[in-house]
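Rule-based calculations on the coordinates, nothing more; no lab input. Worth saying up front: this structure is predicted, and the values here are computed from it rather than measured. Don't worry about glycine lacking a Cβ; one is built from the backbone with ideal geometry, like all the others, and counts go over all protein chains shown.
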Amino acid sequence: MDKKFDIVVIGSGMAGAVAALKAVDSGKKIAVIRKGYGSTALSSGAIDLAADPLGVSGQPLEDSREWQKNVREIARRDEFHPYAVLAAGGYAPDLELAQALNFIYRELQGVGLPLFPVTGRNLTLVNPLGGFKFTGLAQESQGKGDLEKLKGKKTVILGVKNLPDFPADYIARALNDSIGSQGYGPFSSQEIEIPGFGGGTTFEAAAALESEGVEKVASLLAGISAGRHLIFPPILGALRSWEVTETLQKSGVLDFSESLAVPTSIPGYRLQAALDRALEKRGVSILNGRVISATVADHRLHSLEAEIQGQKEKMEGQNFILATGKYLSGGIERDRVFREPVFDLPVFIGEKPVKEDFIKDFLLREALGPHPAFRAGIRVNGKLNPLNRSKQVFAENLWAAGSILAGYDSTGDGAGLGVAILTGFKAGLEASGGS
Amino acid sequence: MKKQIHAIINLGVHFALHIIQLIFRFLGKKAPGMKRFRENYGAEGLSPLSRANRENLFILSGCIGCGLCRMTLNLHPAAGATLSDPESLSICLTRSLPDVQAARDSLKLSPASLAGASYCPRGISIAGVYDFLQTADKERV
């Protein structure tokens with residue numbers, strides 16, 4: 001069976017979803033084909049825009065918090081970073097990112113996922129590892145825990161009985177040790193029990209809280225919340241998060257927030273589920289399947305052959321957007337060789353095309369260092385059209401967005417979802433011929 | 001010349017043995033190689049896999065252990081099960097095939113969870129995991 005669309009987006013993480021949502025503004029018929037959720041579902045749930053390229057990890061430096069300034073600095077210093085590539089294409093990435101953020105802010109608000117208001121400064125949010133990180137935009141439940149706003153306020157880290165993934169004692173101690181002397185906190189911890197939760201991960205705890213536990217938890221906390229800010233583990237509802245928040249507020253627990261998450265992530269899942277709702281609301285077709293092959297001729301992509309629910313189907317489109325992610329989602333593979341599996345586009349690390357190269361040449365000795373291998377991806381021109389081995393445009397009606405792009409580490413360099421939103425927004429705009 | 005005749009006789013004898021072997025196999029005798037493999041490795045749970053399941057194994061081992069399926073598919077681990085989720089399978093597939101059998105006994109899937117297999121970031125079908133567990137076990141000794 002043939003399927004005809006104006007624009008086909010491959011991948012439905014943040015970049016693919018933003019591209020499809022922006023493209024649908026033009027009134028065109030849009031389809032998203034995906035293998036499953038994007039790695040957005042595994043993110044902290046907050047949207048990192050740009051960390052200070054000169055900043056020291058873990059130190060709350062005053063001048064590191066202006067994310068637009070950081071975007072400009074990254075674009076100036078790192079020629080392969082997508083912010084720099086867009087700047088070379090004549091865009092102002094800092095200003096365009098602000099525009100893209102307003103767009104996604106409205107889209108998510110419209111499907112019941114309120115975000116903390118966008119400001120020019122990075123928020124400083126607690127994570128489950130006993131540290132904190134700078135992030136540009138967060139879900140409302142997370143953003144209320146901005147440590148800058150809580151300076152000097154008694155803050156209680158709430159642990160949950162039988163939930164080892166969130167060691168509240170340790171987190172409170174680590175925060176007091178690292179930043180307590182600078183006027184943050186003081187931090188203490190308290191353990192609560194969620195009825196119906198006998199142990200497991202944050203997923204099971206969130207399910208228990210949503211199904212029956214929240215009222216009891218709220219009544220327990222009403223007594224201790226006066227004059228204190230409470231930081232919950234990242235469990236404040238997966239599918240009905242607004243009900244959890246409302247119940248807490250109605251019971252008198254007013255000043256609370258939720259920690260960032262590490263995979264497996266309830267806030268990440270919540271963010272991806274909200275993107276899915278936004279796509280459905282805007283009439284974008286979501287097809288679960290995988291692209292098998294593509295027909296390219298005369299520098300144009302004509303159609304895709306896809307396997308959708310076990311059936312082979314031909315998908316025709318005027319324009320196409322590739323947003324299949326990096327290693328986690330399979331947009332870039334490293335199985336003996338580096339490869340991009342959908343169009344067999346060349347993979348680059350920096351300026352160097354890589355294929356059968358030895359992986360160890362691109363890994364550092366320090367486990368948590370900025371490994372070049374994590375910055376592998378496809379290269380694009382300033383309009384986000386992917387380049388072939390001769391560094392010419394592979395197909396003039398194909399654009400790429402998100403972590404498949406070379407030059408940045410979507411999980412480690414503090415600009416992960418910011419790049420996804422900006423490049424998704426631009427790709428959607430370019431593919432739909434909009435403005 | 002003498003060596004050539006010897007080689008031709010040798011080849012002829014082995015060809016005849018091969019034909020006899022084929023006849024026995026055709027009549028229902030199992031290949032001795034497979035029998036020996038099973039005798040040697042059956043106790044450790046290392047079972048031969050069909051071509052289809054070898055291909056499945058490659059796809060299923062793409063699991064990154066993110067746990068999304070556990071959340072979204074509402075899986076029901078059996079009481080006391082140690083392997084209660086598909087991502088555990090990725091570990092035993094690469095390190096301990098006997099645990100595949102344990103996974104089969106542990107992983108209980110409802111029809112609803114089989115239907116909703118569209119969440120995996122790697123596109124691994126939960127129904128595929130389930131089928132693999134069932135058929136891989138049947139392929140055992």
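Tabulated results
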{"item": "Two-site FRET efficiency, A:Ala226 against A:Ser178, from Cβ-Cβ distance with R₀ of 30 Å, rounded to 0.05", "result": "0.65"}
{"item": "Nearest 10 degrees, 0 to 90: helix A:14-24 Cα axis against chain A principal axis", "result": "60 degrees"}
{"item": "Over 23 Å between alpha carbons, listed pairs A:Lys133/A:Lys383; A:Lys35/A:Lys312; A:Lys69/A:Lys133", "result": "A:Lys133/A:Lys383"}
{"item": "For chain A: relative contact order, % (alpha-carbon pairs under 8 angstrom, 6 or more apart)", "result": "24 percent"}
{"item": "Share of Cα-Cα pairs in segment A:113-167 lying beyond 16 Å, as whole percent", "result": "47 percent"}
{"item": "Partner aspartates and glutamates for A:Lys355 [C-alpha distance under 16 Å; skip if fewer than 8 residues away on the same chain]", "result": "A:Glu333, A:Asp335, A:Glu340, A:Asp344"}
{"item": "Shielding by partners, peptide B:58-68 (average Cβ within 10 angstrom, other chains)", "result": "4"}
{"item": "Partner lysines for A:Lys352 [C-alpha distance under 18 Å; skip if fewer than 8 residues away on the same chain]", "result": "A:Lys326, A:Lys360, A:Lys391"}
{"item": "Contact order relative to length of segment A:139-259, as percent, for alpha carbon pairs under 8 angstrom and 6 or more apart", "result": "31 percent"}
{"item": "Segment A:71-141 and segment A:188-205: distance between their alpha carbon centers, rounded to Å", "result": "31 Å"}
{"item": "Derived scalar couplings ³J(HN,Hα) [segment A:252-265; Karplus, 6.51 cos²θ - 1.76 cosθ + 1.60; whole Hz; x for Gly, Pro]", "result": "x, 8, 9, 9, 8, 8, 10, 5, 5, 10, 10, x, 7, 10"}
{"item": "Normalised convex hull volume, segment A:139-259, alpha-carbon set, Å³ per residue", "result": "87 Å³"}
{"item": "Contact order normalised by residue count of segment A:190-277, Cα under 8 Å, 6+ apart, percent", "result": "31 percent"}
{"item": "Cβ crowding within 10 Å averaged over residues, with A:274-282, A:107-115, A:19-27 ranked highest first", "result": "A:19-27, A:274-282, A:107-115"}
{"item": "Rg/Rg_ref, chain A, where Rg_ref = 2.2 N^0.38 Å and atoms are Cα", "result": "0.99"}
{"item": "Within 10 Å of each Cβ in A:34-41, the average number of Cβ atoms from other chains", "result": "6"}
{"item": "Using alpha-carbon coordinates, inclination of helix A:241-250 to the longest axis of chain A, degrees", "result": "20 degrees"}
{"item": "Inter-centroid distance (Cα atoms) of segment A:314-358 relative to segment A:362-380, Å", "result": "15 Å"}
{"item": "Angle between chain A longest axis and helix A:266-281 axis [Cα atoms, degrees, rounded to 10]", "result": "50 degrees"}
{"item": "Shielding by other protein chains, A:177-189, mean Cβ within 10 Å", "result": "0"}
{"item": "Charge dipole (debye, nearest 20) of the protein assembly as shown; +1 at Cβ of Lys and Arg, -1 at Cβ of Asp and Glu", "result": "1820 debye"}
